[in-house]
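The values are calculated or read from the model by the stated rules, or taken from the named source; none is laboratory data. In this text, all values refer to a predicted model and were calculated from it rather than measured experimentally. Note: ideal-geometry Cβ built from the backbone for every residue, glycine included; neighbour counts use all protein chains shown. Just so you know, the surface numbers come from the protein's heavy atoms only, side chains and all, with ligands and any DNA or RNA stripped out. Shrake-Rupley method; radii C 1.70, N 1.55, O 1.52, S 1.80 Å.
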Amino acid sequence: MAKSSADDAELRRACEAAIEGTKQKIVISIRTVKTHGTWGKAAKLGGGRQMAKPRVLAISTKAKTQRTKAFLRVLKYSNGGVLEPAKIYKLKHLSKVEVVTTDPSGCTFTLGFDNLRNHSVAPPQWTMRNIDDRNRLLLSILNICKDALGRLPKVVGIDVVEMALWAKENTPAVSTQNNQADGASVVSDVSEAELKVNVEKDLVSQAEEEDMEALLGNYITGISQAEAFSERLKRELQALEAANVHAILESEPLIDEVLKGLEAASNCVEDMDEWLGMFNVKLRHMREDIESIEIRNNKLEMQSVNNKSLIEELDKLLEQLNIPPEYSAFLTGDSFDEAQMLQNEEACEWLIGALRGFQASTIDPAYVKMRAFKEKRGELQIIKSIFVTKVSEFLRNYFATFVDFLMNDKSYFSQRGQLKRPDHSDLRYKCRTYARLLQHLKVLDKNCLGPLKKAYCCSLNLLLRREVREFANELRAESKTSPGPGQNVNSADSSAVSDAYAKMLTVFIPLMVDESSFFAHFMCFEAPPLDGNKSGHNDDANDDDDLGIADIDENDSKSNMSPAELAALNESLQDLLDGIQEDFYAVVDWACKIDPLCCISMHGITERYLSGQKADASRFVSLMLSELECRISMLFIRYVDDSCHNIEKCERNAKQSVLPYIPRFATLATKMEQYIAGQSRDLVDQAYMKFVSIMFVTLERLAQTEPKYADIFLIENYAAFQNSLYDLANVVPTLAKFYHQASEAYEQSCSRHISMIIYYQFERLFQFARRIEDLILNNVSPEEIPFQLGLSKVDFRKMLKSSLSGMDRSIGAMYKKLQKNLTSEELLPSLWDKCKKDFVDKYDSFVQLVAKIYPAESVPTTAELRELLAKM
C-alpha cells in the first residue's frame, strides 16, 4: 500500500511537471492499461478503432475569480520516458459516463462530450488497471462536476449503490497535495464528506425518506423488520385486488348507461360531421371567389401604376425632345458678340447635354428605335454642325481682324529712339472671352479645332515676327555709341552689344514661353501650367494669368497629353513661332562681327535660359535656344581657329626675341575672363587649351630655326608667358596648368643653356671627370684608374693646372657669355644665380671623385670656389 502511494505521488509530480506554467492544480492522476481510439495512420487507412500505447489520465483544476475550470488531461510518454501533454478535455462538456458491457472486468469505460466536432468519431474509451482505479477516477470526475460545475453527467452501466459503498470504504485512503509558493508539496487529509458521492440522496429524496419512516410507524414496524413488513404488504395487496374485482362486478348497470350515452354522442358527432362538410364546401367556394376578386384588384392597381409611370416617362421624353426657344435662337443665330457670350455658352452647354442624353448608352434601348427619337437626334446633329461651323468661321475672322488692327498701329512696335516691350494683354483679354466656348467646341467636334489652331498661329506669327524684327533693329541702332579715345566713329561698345543680346532674350524668351503656354491652354491642349520663374526671368509686365480659365478644367501640374496630342502641340507651336529665330541669329551674327569675344557672354546667357525650359509647351523655345547656343559656339570656335591659324603663321623676328602673340594672349585671356562673369567655363577653357597648345608648338618650332640660340629663345618666351599670366593663373585652373607647363619648359631650357656655358669654359676639367666616370661604370677599380692611358697623376696635374689657373677670369668669361646672348636684362640675375649654383654642384662632384681616385693630390675645395663666386 505504501509503495502504491509512493507511485501515485511520483506520478502526480510527473504530471505537474508536464503541465508546468499552465497555473493548473492536479487533483488525481492514474495510469491506463490501454487506450482505445482512432490513433495513427493505420486507423485513418483502415477506418477501425486502434489500441494505442498506455496513457496517463489526470484531472486538473484552475481557479478563477467567480468559478473553477476543470480539465481531463491525457498525457503520454515520450521516447525518453518523460510525460508530455497529448490531449485535453473540458469537463464542463462531459455529458455521459458509460461502462463498456463487453468488458467482463468492468474496467473499460467511455466519456461522452457534447462538443465533439465530428460526431462520426467514437467517444474516447480507456481501460483501467482495476476496478479501484476506475472508481477513483470516476468518483473524482463526478465530485468535480457536482461541486465546481453544479451538474452531474449521465451515468450508464454502473451500480451506484456499489460505488457508494466503495466510496465509503475507500474514503480515508484518499489524500490530496497542495503546492506551496516555495515549490514544496504538502499532503493533507480530506474528510469523507468532501469526497463521498451521496448516491442515496440522488436515489431517494428527503421527503420520500420521511414518508417511509411515517408509514413504517403506522404499522409499528422498524426498518430492521423488512421481511415481516414485506409479508404484510403482500397480504394487503391481495385484499385490495379482491375488493377491486368485487367493485367492478357491482358497477355493470352503470357501465350500460355509459355505453348508451356514448352511442348517442357518436350519432351527434356524425350529424355534426355532415354539417361541417357542407360548411366546408361553402367556405371553399367563398375563398375562390375572394381570390379571383383580389387578382382582378391587383391587376387594376398594377395597370394604374404602370400608366402613371408611362405618363411620367413620356413627359420626360417630351421634355428631352423639346428644344427650349431661348437656346434655339442662339444655336441657329450668328451673333457672337462679347455681350451675348454668356447666353451662347449656356446654349452650347444645353446642346452638349442634349446630345449626351441621346446616346444609346445613356437611354433606354426601347427609345432608340422610336421614329421621334431618331428624328430629334438628327435635328440636334444638324444644329450642332451649323453652330460649330458658324463659331469656327467667326473666330478665324476675329483672330485675323484683331491682329491686323495691331499691325496697322505703328505705336504698338519699337520705333527709332524708343524700345517698346511687346504687350499682349489686350489680345489675351479678348481671347479669354471665347475660352470657354472653345472648350465646348472641343466637346462638340474635336476636329473643328484644327483650322482654328492654324488660323490663330498664322495671325499671331505675323505679329510676333514683326515685334522681334522691330525690336532687334532698334537694339542695333541704340548699341552704336560715340567714339572714345582711340575708337572709330562706326565702332560699337562690346559690352553694349552683349547687353543687346541679353535684352533680346530677357524680353522675348519669356514672351514666347508665355504665348506657347497660353496657346496650349486656349486651344484645349492638356498642357500643365508653366512656372514663370523657370524661364529664367522676372517679367513684371506678364503678372496676369496666362489664360484666366483655370476654373474650367482645374488641371493639376502634371501633363496628361498623349504622344499624338503632344506631337500636334509641337506642330502648332512650330507654326506659331517659326521665323522668329532668324532675327535672333541676325543679332548673334552682328554681335560676333563687332566683337567675337561677346560670344562668351552670349553663350552663358543662352545656357542659363535653356536650363529653365522643361515644360511641354516650351519645346520650340528650347530648340531655338539650343540652335542659338550651337551657332554662338560655332562662331566663337571659328574665331579661335582663325586666331590659332595666325599664331601658326607667325615668324621669328631678329629684332624681337619675345613672340608678339604671348603678350597678346595675356590681354585676350584677361578680356575673356571679364566676359565670363560667373557663366559656364567650358567654352573658354576649350579656347585656352587650343590657344596655348598652338602657342607652345609654334614656339618650339621657331626655336629650332636657330639651334645655337634655341635655349635663349625659349627661356625668354617662357619667362614672358609666366610673367604675363601670373595673376590669371592664380584664379583660373586651366591657365594654372599651362603656367606650370611653361615653368617646367623654362627650367629645362635654363638647365641646358647653363650647362653649355659651364662646359665651354671648363671643358678639359669635366672631360677628364667624364672619362673617370666611364671607367667606373665599366667596373674598373679606383686603384687601377691612375694607371690608365691619359689618366695618370702627371696627366691629372697638367689638366688641373691648365683648367684652374686664372679661375676668376674663367668665371668672368662665363658671366659675359651668359650676358652676351640674353636680351632681357631682368632675367640675367636669376640665370647667373642658377649658373653659379650649377657650377658649384658640378665642381663638388669633381672634388669628391678626385678624393676617391687621387687621394694624395690636392685641389681647391668647394668652399674656396663658393667664396670666389660670391665676390664676382
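Just for the range 333-352: of the residues that are modelled with pLDDT under 70 and assigned to a helix (DSSP H, G or I), which one is surrounded by the most Cβ atoms within 10 Å (Cβ to Cβ)?
Within the range 333-352, the subset modelled with pLDDT under 70 is 333-340.
Filter once more, so that each one left must be assigned to a helix (DSSP H, G or I): 338-340.
Details: Glu338: 9, Ala339: 7, Gln340: 13.
Only one residue tops the list, namely Gln340.
Taking interchain pairs and intrachain pairs at least six residues apart, which have beta carbon atoms under 7 angstrom, with the first residue in the range 844-858 and within 15 Å of Phe787 (Cβ to Cβ) and buried (at least 17 other Cβ atoms within 10 Å of the Cβ) and the second among the charged types (D, E, K, R) and at pLDDT 75 or above?
Every condition considered, the pairs that remain are Tyr854/Lys793.
Residue by residue through the range 78-110, note down the ones that are of a type in the set (A, V, I, L, M, F, W, C), assigned to a strand (DSSP E or B) and under 12 Å from Val156 (Cα atoms).
Val97, Val99, Phe109
If I filter the range 653-672 for residues that are touching a Lys or Arg at 6+ places or on another chain (Cβ under 9 Å) and over 25 Å from Leu828 (Cβ atoms), do I get at least one hit?
No, there is no match, as no residue in the range 653-672 is touching a Lys or Arg at 6+ places or on another chain (Cβ under 9 Å) and over 25 Å from Leu828 (Cβ atoms).
Quick one: in the range 142-161, of everything that is at negative phi and in a loop (DSSP other than H, G, I, E, B), which residue is surrounded by the most Cβ atoms within 10 Å (Cβ to Cβ)?
Per the stated criteria, the residue is Pro153.
Going residue by residue through the range 244-259, is there one that turns out to be more than 30 Å from Ala354 (Cα to Cα) and either outside any helix (DSSP H, G or I) or in contact (Cβ under 8 Å) with a residue 12 or more places away in the chain (or both)?
The answer is yes; a qualifying residue exists.
Working only within the range 772-826, note down all residues that are without any contact (Cβ under 8 Å) to a residue 24 or more places away in the chain and within 20 Å of Ile754 (Cα to Cα).
Within the range 772-826, Arg809, Lys816, Gln819, Lys820, Glu825, Glu826 meet the criteria.
Checking Asn717 against (1) touching a residue at least 40 places away in the same chain (Cβ under 8 Å); (2) under 22 Å from Phe636 (Cα atoms); (3) not acidic (Asp, Glu), which test does it fail?
Checking Asn717 against (1) touching a residue at least 40 places away in the same chain (Cβ under 8 Å); (2) under 22 Å from Phe636 (Cα atoms); (3) not acidic (Asp, Glu), the one that fails is (2).
I'm checking my understanding of the structure. Among residues of the range 698-709 that are touching a residue at least 24 places away in the same chain (Cβ under 8 Å) and assigned to a helix (DSSP H, G or I), which one is surrounded by the fewest Cβ atoms within 10 Å (Cβ to Cβ)? Reasoning before the result, please.
The first filter runs over the range 698-709 and keeps only residues touching a residue at least 24 places away in the same chain (Cβ under 8 Å), leaving 698-699, 702, 705-706, 709.
Next, from what is left, pick out any that are assigned to a helix (DSSP H, G or I): 698-699, 702, 709.
Values: Thr698: 19, Leu699: 22, Leu702: 18, Tyr709: 15.
This residue is Tyr709.
Residue pairs, Cβ under 6 Å, 6 or more apart or interchain, first in the range 656-680 and at pLDDT 85 or above, second open to solvent by 40 Å² or more (accessible area, probe 1.4 Å) and not acidic (Asp, Glu). List them.
Every condition considered, the pairs that remain are Pro663/Ser724; Ala666/Ser724.
Give the residues of the range 561-585 that are over 30 Å from Ser498 (Cα atoms) and either surrounded by fewer than 17 Cβ atoms within 10 Å (Cβ to Cβ) or under 32 Å from the mean Cα position of the chain (by Cα) (or both), sorted by residue number.
Passing the criteria: Met561, Ser562, Pro563, Ala564, Glu565, Leu566, Ala567, Leu569, Asn570, Glu571.
When you look at Leu142, is it under 26 Å from Val160 (Cα atoms) and either within 59 Å of the chain's Cα centre (by Cα) or not aliphatic (A, V, I, L, M) (or both), yes or no?
Criteria not met by Leu142.
Quick check on His424: is it open to solvent by 10 Å² or more (accessible area, probe 1.4 Å) and modelled with pLDDT under 85?
No.
For the range 618-658, enumerate the residues that are farther than 15 Å from Phe691 by Cβ and in a loop (DSSP other than H, G, I, E, B).
Glu651, Arg652, Ala654, Lys655, Ser657, Val658
Residues of the range 753-771 being in contact (Cβ under 8 Å) with a residue 40 or more places away in the chain and loosely packed, with under 14 Cβ neighbours inside 10 Å, which ones?
Result: Met756, Tyr760.
Counting only residues that are in contact with a Cys (Cβ under 9 Å, 6 or more places away or on another chain) and among the aromatic types (Phe, Trp, Tyr), which one in the range 600-643 is surrounded by the fewest Cβ atoms within 10 Å (Cβ to Cβ)?
Tyr639
Identify all residues within the range 423-470 that are over 16 Å from Arg396 (Cα atoms) and over 45 Å from the mean Cα position of the chain (by Cα); write none if there are none.
Once the filter is applied, which keeps residues that are over 16 Å from Arg396 (Cα atoms) and over 45 Å from the mean Cα position of the chain (by Cα), the range 423-470 yields Asp426, Arg465, Arg466, Glu467, Val468, Arg469, Glu470.
Picking from Lys384, Lys410, Lys446, which residue would you name as being charged (D, E, K, R), modelled with pLDDT under 75 and open to solvent by 20 Å² or more (accessible area, probe 1.4 Å)?
Lys410 is the lone residue from the list that is charged (D, E, K, R), modelled with pLDDT under 75 and open to solvent by 20 Å² or more (accessible area, probe 1.4 Å).
Run Leu828 past the list (1) touching a helix residue (DSSP H, G or I) at 6+ places or on another chain (Cβ under 8 Å); (2) open to solvent by 40 Å² or more (accessible area, probe 1.4 Å); (3) modelled with pLDDT of 75 or more and report the number of the one that doesn't hold.
Unmet for Leu828, out of (1) touching a helix residue (DSSP H, G or I) at 6+ places or on another chain (Cβ under 8 Å); (2) open to solvent by 40 Å² or more (accessible area, probe 1.4 Å); (3) modelled with pLDDT of 75 or more: (2).
Only one residue in Arg31, Arg73 is modelled with pLDDT of 85 or more, among the basic types (Lys, Arg), within 27 Å of Pro153 (Cβ to Cβ) and part of a strand (DSSP E or B). Which one?
Arg73
Which one is farthest from Arg465 (Cα to Cα), of the residues in the range 498-522 that are open to solvent by 10 Å² or more (accessible area, probe 1.4 Å) and among the charged types (D, E, K, R)?
Asp499
Read through the list (1) more than 20 Å from Ser60 (Cα to Cα); (2) at pLDDT 85 or above; (3) not basic (Lys, Arg), then give the number of the only condition that Thr110 fails.
(1)
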